[in-house]
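Following: one structure in structure tokens, then a few remarks.
The values are calculated or read from the model by the stated rules, or taken from the named source; none is laboratory data. Just so it is clear, the model here is predicted, and its values are computed rather than measured. Virtual Cβ from ideal backbone geometry, glycine too; neighbours counted across all protein chains shown. Each accessible area value is taken on the protein alone, full model and side chains, heavy atoms only, with ligands, DNA and RNA left out. Shrake-Rupley method; radii C 1.70, N 1.55, O 1.52, S 1.80 Å.
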Amino acid sequence: MRTAAISAVILCLASAATAQNVDDDSFRFDAGVNIGMSGYLGDANQSSIFSRPGFGGQLSLRYLPNTRMAFRGVLTAASISGNTADWDNKLPDGQDYKFTSSVYDLSVRYEFNFFAYGIGETYKKLRRWTPYVTAGIGVNLASCDGSTAIAPSIPLGLGVKYKFRPRWNLMAEFTMTKVFGDKVDGSALSDPYGIKSSFIKNTDWVSMISIGISYEFSRRCSTCHYVD
């Protein structure tokens, strides 16, 4: 009888420890930082995204509703540059134009994981790595030659993430951000050929390829089989 009681206590403690481990591996939020190389496509560069690479960084905060998706707020800061002397097409009067711009973008994005992402909870078939796609909406601020321009933006991207610890994640990501304004490369190139067009047809894109790390926090409350 005493042996049976001791065995029952041990089983209960083991079950509690297992449940605690599951809870420890499940979090609601994720904060991270990315660094990488930035690029530009527009009136001063119409061919190679990273022909004049710059430096970029990101701060992000994710809300993790489940293992397959996330909602992410991202603040991006990047430097971009271009020079029309790099390509064959010529501006009116044969003039050349070069610029350096600082770009800031604040966006809200949706992420979709191709696999259920996480550690533990084997019944959910979690994987420690997954490719993902992301898209969102944002606002872009560009500063060039003393002038500042603000425009809406749409970031589009793909990446892969790897969970090397229950709270820690590594990721690699590539994004292209469409800016619905034609002054990312300065006001001098907003209409170089004198052809008026809608803001939808402008040519300014900002790209970024980056690596990052993030930390998850705020454990979920996951009480199972609750009986009142």
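Determine the sum of side-chain charges near PHE71: Lys and Arg each +1, Asp and Glu each -1, restricted to other residues whose C-beta is under 13 angstrom from that of PHE71.
That works out to +3.
Suppose all protein chains stay in the model; what accessible area per residue would a 1.4 Å probe give for segment 129-169, in Å²?
For segment 129-169, the solvent-accessible area averages 50 Å² per residue.
Below 12 angstrom from the Cβ of ALA31, what's the summed charge of the other residues (Lys, Arg +1; Asp, Glu -1)?
Result for the neighbourhood of ALA31: +2.
Can you send over the solvent-accessible area of ILE137, 1.4 Å probe, protein chains only, in Å² to the nearest 10?
Ignoring ligands and nucleic acids, ILE137 comes out at about 120 Å².
Output wanted: per-residue J couplings in Hz (rounded whole) for segment 100-109, from phi through Karplus 6.51 cos²θ - 1.76 cosθ + 1.60, θ = phi - 60°, x for Gly and Pro.
9, 10, 9, 10, 10, 9, 10, 9, 10, 10
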